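Okay, so here's the structure we're looking at.
The values are calculated or read from the model by the stated rules, or taken from the named source; none is laboratory data. Small disclaimer: the values here were computed from a predicted structure and weren't measured. Cβ atoms come from the backbone with ideal geometry, glycine included; neighbour counts cover every protein chain shown.
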Amino acid sequence: MITRPSEAQEELSWVVALFYFKSAKYRDLVEFWERQGIPIAPATEEDVAAFERSLGIRLPDEFRRYLLEVSGTGPNGDREYFDFYSLFGLKLGSEKPWIAMGDGSLFTAPAHFRPEDFLIFADYLQICYAYAIRIRGDASQIGEVVHWGTTAYSPICTSFRVFIDLYLADDPRLHDIKALS
């Protein structure tokens, strides 16, 4: 005999389903970091909304969701020396000038490049170079992830989720050496 679940059981089922749906997007990243002992401390909706107001923008959806579900590796980074910043460690490109090697005079960027259009969200080997996401500009480029601190404008991928997939696979595109020389 099948019995109808109680109202409390139905509500609990919805909560469980909502939790699973919400965290499914970055579940692989959470599990990867948890295996390394990295504490997961998501940002709150209120903090993300306040950050967006301070910038006068809405963050790209995939990146916003990442902040709400994961939000960085903490101060020690991961075992491969990647440090993903929490919401409170994010910096506009204009706050972390693009300086490559020496005086940065070898840097080349497209005419439409503006540092304030990028948000730096992670670095490698204590800022040997960093990674930034485009938060302003042409709608088709919002969410693009680029190397930051290299001698050439070096896009990596067109979305933050693709960047996370590359990171989890230890893809060589995250260490584009030709852009560093």
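If you go through the stretch 130-144 and keep only what is under 10 Å from Leu119 (Cβ atoms) and of a type in the set (Val, Ile, Thr), you end up with Ile133, Ile135.
The residue that is surrounded by the fewest Cβ atoms within 10 Å (Cβ to Cβ), among those in the stretch 77-88 that are of a type outside the set (A, V, I, L, M) and farther than 26 Å from Pro172 by Cβ, is Phe88.
Remark: pairs (first residue in the stretch 49-66, closer than 16 Å to Phe163 by Cα; second residue of a type in the set (Ser, Thr, Tyr); Cβ separation under 9 Å; 6+ apart in sequence or on different chains) = Pro60/Ser159; Glu62/Ser159; Phe63/Ser159; Arg65/Tyr26; Tyr66/Tyr26. Scanning the stretch 31-77 for residues that are more than 21 Å from Glu144 (Cβ to Cβ) and of a type in the set (S, T, N, Q) turns up Gln36, Thr44, Ser54, Thr73, Asn76.
Regarding Asp83, is this residue modelled with pLDDT of 90 or more and within 23 Å of Tyr124 (Cα to Cα)? The answer is yes for Asp83.
For the stretch 89-128, give me the residue count where each residue is under 18 Å from the mean Cα position of the chain (by Cα), outside any strand (DSSP E or B) and modelled with pLDDT of 80 or more.
We begin by selecting, within the stretch 89-128, every residue under 18 Å from the mean Cα position of the chain (by Cα); these are 89-96, 115-128.
Those left that are additionally outside any strand (DSSP E or B): 89-90, 93-96, 115-117, 125-128.
Checking the rest, the ones that are also modelled with pLDDT of 80 or more come to 89-90, 93-95, 115-117, 125.
So the answer is 9.
Across the stretch 6-62, the number of residues qualifying as loosely packed, with under 12 Cβ neighbours inside 10 Å, hydroxyl-bearing (Ser, Thr, Tyr) and either modelled with pLDDT of 60 or more or part of a helix (DSSP H, G or I) (or both) comes to 3.
Only a single criterion out of (1) more than 20 Å from Lys25 (Cβ to Cβ); (2) surrounded by 12 or more Cβ atoms within 10 Å (Cβ to Cβ); (3) modelled with pLDDT of 95 or more; (4) of a type outside the set (A, V, I, L, M) is not satisfied by Gly74, namely (3).
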